[in-house]
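Q: I'd like to ask you about the structure that follows.
The values are calculated or read from the model by the stated rules, or taken from the named source; none is laboratory data. Model, not experiment: these values are computed from the prediction. A quick note on method: Cβ atoms are made from the backbone with ideal geometry, for glycine too, and the neighbour counts reach across all protein chains shown.
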Amino acid sequence: GEDVEQSLFLSVREGDSSVINCTYTDSSSTYLYWYKQEPGAGLQLLTYIFSNMDMKQDQRLTVLLNKKDKHLSLRIADTQTGDSAIYFCADPKSNTNAGKSTFGDGTTLTVKP
Amino acid sequence: GAVVSQHPSWVICKSGTSVKIECRSLDFQATTMFWYRQFPKQSLMLMATSNEGSKATYEQGVEKDKFLINHASLTLSTLTVTSAHPEDSSFYICSASVAGVADTQYFGPGTRLTVL
């Protein structure tokens, strides 16, 4: 979506870290989300971060939020081939329901052995 | 965790026919379900918000008479693509919302519709 932007492709080697970036325009959101979509499947919520947080870590995933620059990133440590998928960031903006989020166009992560 | 199913997972139909896609929350009740459309290599486009027992709310540009949504129970919402045309070919995804922390959404696996 035009209000949420992501780079389209990222390629890394197995074992390296992956960093997927996202910028958004609306600063009224309470949360921001990261989803993973494997080929031919629906979306899976990976993690979310409250807008009053700068960082959230969940096992191999680290989310960083820079509210001033309206920049969100997802870092995957020790990237594995199973991490190959499309990753979407989503911004619910002022909506009270996450279903009305604006999704980025998705970043296709390719992990090479 | 909460599971959302969709049926069928794929369907091929002739132009002019109608196709019904079901979205079910298997182990929880969902007062709100959402229908999305996803074109190849593109993001999700929200089509409509489906509330149990009431009319669906359609996003701007989505034809309500073409994409009929029925949310008959707390576990089932259906999307019917009426008089389908090749340009309706797409990946349709539903999600069900669970109120609570971060209003977690659970997505179905999607339905691939191909209209010949």
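Q: What strands (runs of 3 or more DSSP E), lying completely within segment B:1-90, carry at least 2 residues that are within 13 Å of chain A (Cβ to nearest Cβ) and closer than 26 Å to residue A:88 by Cα? Steps first, answer last, please.
A: Values: elements: B:4-7, B:10-13, B:19-25, B:32-38, B:44-51, B:67-73, B:76-81.
Qualifying strands (runs of 3 or more DSSP E): B:4-7, B:19-25, B:32-38, B:44-51.
Q: Just one of B:89, B:95, B:73 is touching a residue at least 12 places away in the same chain (Cβ under 8 Å), crowded, with 22+ Cβ neighbours inside 10 Å and on the phi < 0 side of the Ramachandran plot; which is it? If you could, list the steps in order and put the result at the bottom.
A: Numbers: B:89 fails: crowded, with 22+ Cβ neighbours inside 10 Å; B:73 fails: crowded, with 22+ Cβ neighbours inside 10 Å.
Going through B:89, B:95, B:73 in turn, just one is touching a residue at least 12 places away in the same chain (Cβ under 8 Å), crowded, with 22+ Cβ neighbours inside 10 Å and on the phi < 0 side of the Ramachandran plot: B:95.
Q: Of A:109, A:72, which residue is at pLDDT 95 or above and within 20 Å of residue B:38 (Cα to Cα)? Steps first, please.
A: Working: A:72 fails: within 20 Å of residue B:38 (Cα to Cα).
Just a single option satisfies the conditions, and that option is A:109.
Q: For segment A:61-90, what are the residues that are without any contact (Cβ under 8 Å) to a residue 40 or more places away in the chain and farther than 29 Å from residue B:25 by Cβ?
A: A:62, A:64, A:65, A:66, A:68
Q: I'd like the residue in segment A:6-59 that is in contact (Cβ under 8 Å) with a residue 60 or more places away in the chain and charged (D, E, K, R) and, out of all such residues, is nearest to the other protein chains (Cβ to nearest Cβ).
A: Top of the filtered list is A:26.
Q: Take the residues of segment B:1-43 that are at pLDDT below 90 and hydrophobic (A, V, I, L, M, F, W, C): which is surrounded by the fewest Cβ atoms within 10 Å (Cβ to Cβ)?
A: Pass one, segment B:1-43, residues at pLDDT below 90: B:1-3, B:27-32, B:39-43.
Okay, now just the ones that are also hydrophobic (A, V, I, L, M, F, W, C), so B:2-3, B:28, B:30, B:39.
Working: B:2: 13, B:3: 13, B:28: 14, B:30: 28, B:39: 11.
My answer is B:39.
Q: Here's a follow-up. Output the residue which, of all residues in segment B:98-116 that are in a strand (DSSP E or B) and more than 10 Å from chain A (Cβ to nearest Cβ), is surrounded by the fewest Cβ atoms within 10 Å (Cβ to Cβ).
A: Step one: filter segment B:98-116 for residues in a strand (DSSP E or B), giving B:105-107, B:111-115.
Subsequent filtering for residues that are more than 10 Å from chain A (Cβ to nearest Cβ) retains B:113-115.
Numbers: B:113: 21, B:114: 13, B:115: 20.
Once the filter is applied, the top-ranked residue is B:114.
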